[in-house]
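**Q** Input: one structure, supplied below.
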Amino acid sequence: MTAFALALALFAFWSVVGWSVLSLLLSRRNLLRSALLSPVVGVATLILLLFELYRLGVPVRISGPAASVLLLAGSVAVLWFRRTPLPSRRLAPLAALVVAAAVLTGSPLLLHGFDWVSFCNEDMTNYVLSARTFLDHGYLSAVDPRAVVENRDPGLLLWLQAFTSIGVRQGSELTLAWVMSLTGRTGHQIYMVTIVALHLSLLAAAGAVVLRRRSDRVPALATCALVAASALTTLGTLYQLISQVLGLGLA
């Protein structure tokens, strides 16, 4: 139950951060759409902050809790001063659908908790190894060359690729490392928790794409329901394609 609650808590945290950002950037003409966009905007804001702190040499073990406190305090301050009204009544059916989707896709979290590793495929292994190194090393931190040459820490090799290759995606690793820094749990314990939360963010963003006008609430709700029931979308989550789940939501 704790693992399932954590997935919902991550989704809620991103939603609060994203709602505060959008309350500054967008008008109030379509508040429901802003609410649906809030989770992915919150994830993007978190990743950008973690990356900038990481470039300063701060490992995620330190920057993760600090960024969380900073974002939460900033969000509360923005919402207090902006007083952007939350469309609670119109949002209730979509919120209920998000919880239902969490049960549909993330029900093993209720049965197995943090021990659920789904397929435990190669992608998951690489992301967890890399996230662990992001957790403990800052940008361009010195490493023991013998650990690389003798392959004593495979995570170091994946981490070094971020600085020697072009187009390496780091957002997923930073997000995983962030959850690890907050919970003190290992990467494989929080991997499915995190990807289920990202799956819910993707579902909400899909509804926002359809909700161009306030009169589009029913089509938006139907879209969210179709995405929640989509076997292919669910497979992407269960097969642990975390960059695709995160990236599709952002797209």
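**Q** Taking Thr125 as the residue in question, decide whether it is open to solvent by less than 20 Å² (accessible area, probe 1.4 Å), among the β-branched types (Val, Ile, Thr) and closer than 15 Å to Ser243 by Cβ.
**A** The answer is no for Thr125.
Yes or no, residue by residue, for (1) among the hydrophobic types (A, V, I, L, M, F, W, C); (2) part of a helix (DSSP H, G or I); (3) modelled with pLDDT of 90 or more; (4) surrounded by fewer than 15 Cβ atoms within 10 Å (Cβ to Cβ):
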residue: Leu53; (1), (2), (3), (4): yes, yes, yes, no
residue: Gly57; (1), (2), (3), (4): no, no, no, yes
residue: Val69; (1), (2), (3), (4): yes, yes, yes, yes
residue: Leu72; (1), (2), (3), (4): yes, yes, yes, yes
residue: Ser75; (1), (2), (3), (4): no, yes, yes, no
residue: Leu94; (1), (2), (3), (4): yes, yes, no, no
residue: Ala102; (1), (2), (3), (4): yes, yes, yes, no
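**Q** Among Val60, Val40, Val98, which is the only one that is touching a Cys at 6+ places or on another chain (Cβ under 8 Å), within 20 Å of Val193 (Cα to Cα) and of a type in the set (A, V, I, L, M)?
**A** Val98
**Q** Of the residues that sit in region 199-222 and are open to solvent by 90 Å² or more (accessible area, probe 1.4 Å) and among the β-branched types (Val, Ile, Thr), which one is modelled with the highest pLDDT?
**A** Val209
**Q** Are there any helices (runs of 4 or more DSSP H) wholly within region 177-251 with 1 or more residues that are of a type in the set (S, T, N, Q) and within 18 Å of Leu10 (Cα to Cα), and if so which? Spell out how you get there, then give the answer.
**A** Numbers: elements: 187-210, 217-229, 231-238, 242-250.
It comes to 187-210, 231-238, 242-250.
**Q** Shifting gears a bit: Do you know which residues across region 77-89 are surrounded by 15 or more Cβ atoms within 10 Å (Cβ to Cβ) and among the basic types (Lys, Arg)?
**A** none
**Q** Let me ask you something else. Just one of the numbered conditions (1) more than 26 Å from Thr45 (Cα to Cα); (2) open to solvent by less than 40 Å² (accessible area, probe 1.4 Å); (3) outside any helix (DSSP H, G or I) is not true of Leu109; which one?
**A** (3)
**Q** If you don't mind, there's one more thing I want to ask. Run Val43 past the list (1) open to solvent by 30 Å² or more (accessible area, probe 1.4 Å); (2) in contact (Cβ under 8 Å) with a residue 24 or more places away in the chain and report the number of the one that doesn't hold.
**A** (1)
**Q** Go through (1) of a type in the set (Gly, Ala, Ser); (2) within 19 Å of the chain's Cα centre (by Cα); (3) more than 25 Å from Ala206 (Cα to Cα) and name the single condition Ala44 misses.
**A** Going through (1) of a type in the set (Gly, Ala, Ser); (2) within 19 Å of the chain's Cα centre (by Cα); (3) more than 25 Å from Ala206 (Cα to Cα) one by one, Ala44 breaks only (3).
**Q** Got at least one residue in region 74-85 being among the polar types (S, T, N, Q), touching a Pro at 6+ places or on another chain (Cβ under 8 Å) and touching a residue at least 12 places away in the same chain (Cβ under 8 Å)? Steps first, answer last, please.
**A** Taking region 74-85 first, the residues among the polar types (S, T, N, Q) are 75, 84.
Narrowing further to those that are touching a Pro at 6+ places or on another chain (Cβ under 8 Å): none.
No: zero hits.
**Q** Go through (1) within 19 Å of Ala7 (Cα to Cα); (2) in contact (Cβ under 8 Å) with a residue 40 or more places away in the chain; (3) among the aliphatic types (A, V, I, L, M) and name the single condition Leu211 misses.
**A** The one condition Leu211 does not meet is (1).
**Q** Give me the pairs: first residue in region 223-251 and within 15 Å of Phe119 (Cα to Cα) and open to solvent by 80 Å² or more (accessible area, probe 1.4 Å), second residue not in a helix (DSSP H, G or I) and not aliphatic (A, V, I, L, M), beta-carbon distance under 7 Å, and six or more apart or on different chains, which are they?
**A** Cβ pairs passing all conditions: Tyr239/Phe119; Tyr239/Asn121.
**Q** Do you know which residues across region 24-36 are open to solvent by 40 Å² or more (accessible area, probe 1.4 Å), out of contact with any Leu (no Cβ under 6 Å at 6 or more places or on another chain) and not polar (S, T, N, Q)?
**A** The answer is Leu24, Leu25, Leu26, Arg28, Arg29.
The values are calculated or read from the model by the stated rules, or taken from the named source; none is laboratory data. Because the structure is a prediction, the values reported are computed rather than measured. Glycine gets a Cβ as well: all are built from the backbone with ideal geometry, and neighbour counts include every protein chain shown. Note: areas computed on protein heavy atoms with side chains; ligands, DNA, RNA excluded. Shrake-Rupley method; radii C 1.70, N 1.55, O 1.52, S 1.80 Å.
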